[in-house]
Amino acid sequence: MLSASTNSLAQNRDEIDSVMIRSIYDEVLSNGDIYNNLRSLTKDIGHRLSGSPQASEAMVWGANLLEKYGADTVFVMPVIVPSWTRNNIATATAYMSDGRQIPLHITALGGSVGTPNNSPIRSKIVIVKHLNDLDTMPEAKDKIVLFNRAMDPVLINTGSAYGGANDQRGGGAIAAAKAGAIGSLVRSMTHSLDTLPHTGAMRYEDGVKKIPSAAISTVDARMIAKLYKEDPELEIEFTLNCKALPDVVQGNVIGEWQGSELPNEIITLGGHLDSWDIGEGAHDDGAGIVHTIETLRLLKAVGYTPRRTIRFVLFINEENGNRGGIRYAETASEEYTAGENVYVAAMESDAGGFSPRGFNLDAPDEHYELFKSWQSLFEPYDLYHFKKGWSGVDIGPLKRHGHRPFMVGLKPDGQRYFDFHHSSQDVFENVHKRELELGAGAMASIIMLIDKHLPSPSYE
Ligand SMILES: [Zn+2]
């Protein structure tokens, strides 16, 4: 039982917080810079694959904004990132036994080799749903493999459906090469039935032949599976001229706002500055980048003074290596070991610029009650999702280094995210101004609550 005075203290605390949250939302909804900032990132710079000149440009862009909005210091944490170019050729055609030729919508997967000498490869195909189907499929030898397992449509969490299917994209080329195949195709990772190929990272394994690997659209994958039943002799031809380039030094761009009471306790928030190269990286993760930058602007605009040091981090290389996130966590670990800083909390926005529904808590159980106690403060803004769950790829490595932080992921509505994700349609026009603003309001508000109310770790 709480005593009457503790009770009224808690009530008072909630009132102060709710007034502050209201002013954060008022500010973003009436004076937000976030939508214009996303426009400039996606239209003036465009897509930003790690190692590309646009990624370097985006680093300068981000540093300038963090300075403009009043970060005490802005610096780059250098990171060596992979570089790869899709180049200008990705074509595919299905050849039917009766002479019909059907063009397919194809795009190389990130990191794939090109087809030998940038010339077409052509063969009969096998279609599988699981990587290990190939273990007992000697007929895959010298063929092109199509991985055709759809994202599970009945899962409400589309991220889980994606997670349940993308082993085909990441590991397909390895499994296919082990079975002796000459090429690997995958059905695009989206619930949407359309003609857009969706790219994404793939891997090779030492000692296993590197074969070219690409995605075809969901409509094409479905059509090929149907045609294959009628005509198992059908052949697919495809050509890619993508290739790996030497590594490049880029980096995480960090704006730091010094804490007034506990400057050695660090709160990290961020998204990733790099993006795939066939859209504009607007939802993935331009939205997370401008959410992060706008959080700084909002907390300054409402006159907030942080107790802890807040780091606004524009991570590099999430899409094809996560080297930015790993480097950041290594630094956190070094500073922790040296007794300089404790990274007490981290938050990421990397699930799109859609209407926020709430937050995922990614932290030890002891923190759940505190997190859950904030839910009522957000109900006026239609945020009800306060559950344990996924926080983010970039901040993920912090879990393994030094002090285990209180980690949170912004949870926007996910039903349409994979319509755009990693495709040519991940563009500014597909982000909604007001929904984007609400995301920043949510992020700034919970960062304030974390800063004010998260207990300091004990240092015995
Ligand atoms: Zn992302």
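Tabulated data for the structure shown
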{"item": "Hits in region 223-248 (condition: in a helix (DSSP H, G or I) and either touching a residue at least 40 places away in the same chain (Cβ under 8 Å) or under 26 Å from the mean Cα position of the chain (by Cα) (or both))", "result": "MET223, ILE224, ALA225, LEU227, TYR228"}
{"item": "Qualifying residue in region 365-373 (condition: in contact with a helix residue (DSSP H, G or I) (Cβ under 9 Å, 6 or more places away or on another chain) and of a type in the set (D, E, K, R))", "result": "no"}
{"item": "So HIS198, is it buried (at least 17 other Cβ atoms within 10 Å of the Cβ) and touching an Asp or Glu at 6+ places or on another chain (Cβ under 8 Å)", "result": "no"}
{"item": "Residue identified as within 16 Å of the ligand (Cβ to nearest atom), under 24 Å from LEU398 (Cα atoms), part of a loop (DSSP other than H, G, I, E, B) and touching a residue at least 12 places away in the same chain (Cβ under 8 Å) among GLY321, GLY288", "result": "GLY321"}
{"item": "Strands (runs of 3 or more DSSP E) contained in region 65-183 and holding at least 2 residues out of contact with any Ser or Thr (no Cβ under 8 Å at 6 or more places or on another chain)", "result": "73-85, 90-95, 121-128"}
{"item": "Enumeration of residues in region 408-435 that are away from the ligand (no atom under 16 Å from the Cβ) and under 30 Å from PRO457 (Cα atoms)", "result": "VAL408"}
{"item": "Residue satisfying condition, being under 30 Å from THR195 (Cα atoms) and hydrophobic (A, V, I, L, M, F, W, C), within set PHE371, PHE418, PHE406", "result": "PHE418"}
{"item": "The one condition in (1) modelled with pLDDT of 95 or more; (2) under 27 Å from ALA282 (Cα atoms) that TRP390 fails to fulfil", "result": "(1)"}
{"item": "Failed condition for GLY396, given (1) within 16 Å of the ligand (Cβ to nearest atom); (2) modelled with pLDDT under 95", "result": "(2)"}
{"item": "Residues satisfying the stated conditions in region 410-460, i.e. of a type in the set (Lys, Arg) and touching a Phe, Trp or Tyr at 6+ places or on another chain (Cβ under 8 Å)", "result": "LYS411, ARG416, LYS433"}
{"item": "Helices (runs of 4 or more DSSP H) contained entirely in region 350-460, each with at least 2 residues that are outside the structural domain of THR107 (by TED's automatic domain parsing) and buried (at least 20 other Cβ atoms within 10 Å of the Cβ)", "result": "417-420, 433-453"}
{"item": "Residue within region 105-117 that is modelled with pLDDT of 95 or more, surrounded by fewer than 17 Cβ atoms within 10 Å (Cβ to Cβ), out of contact with any helix residue (DSSP H, G or I) (no Cβ under 6 Å at 6 or more places or on another chain) and under 30 Å from GLN54 (Cα atoms) present", "result": "yes"}
{"item": "Failed criterion for SER391 (all others in (1) closer than 26 Å to SER18 by Cβ; (2) within 16 Å of the ligand (Cβ to nearest atom); (3) in contact with a helix residue (DSSP H, G or I) (Cβ under 7 Å, 6 or more places away or on another chain) hold)", "result": "(3)"}
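Results for (1) part of a strand (DSSP E or B); (2) more than 16 Å from the ligand (Cβ to nearest atom); (3) crowded, with 24+ Cβ neighbours inside 10 Å, shown as yes or no for each residue.
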| position | (1), (2), (3) |
| --- | --- |
| GLN250 | yes, yes, yes |
| GLU256 | yes, yes, no |
| SER260 | no, yes, no |
| PRO263 | yes, yes, no |
| ILE267 | yes, yes, yes |
| SER275 | no, no, yes |
| LYS300 | no, yes, no |
| LEU314 | yes, no, yes |
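The values are calculated or read from the model by the stated rules, or taken from the named source; none is laboratory data. None of the values given here were measured: they were computed from a predicted structure. Neighbour counts run over all protein chains shown; Cβ positions are idealised from the backbone, glycine included.
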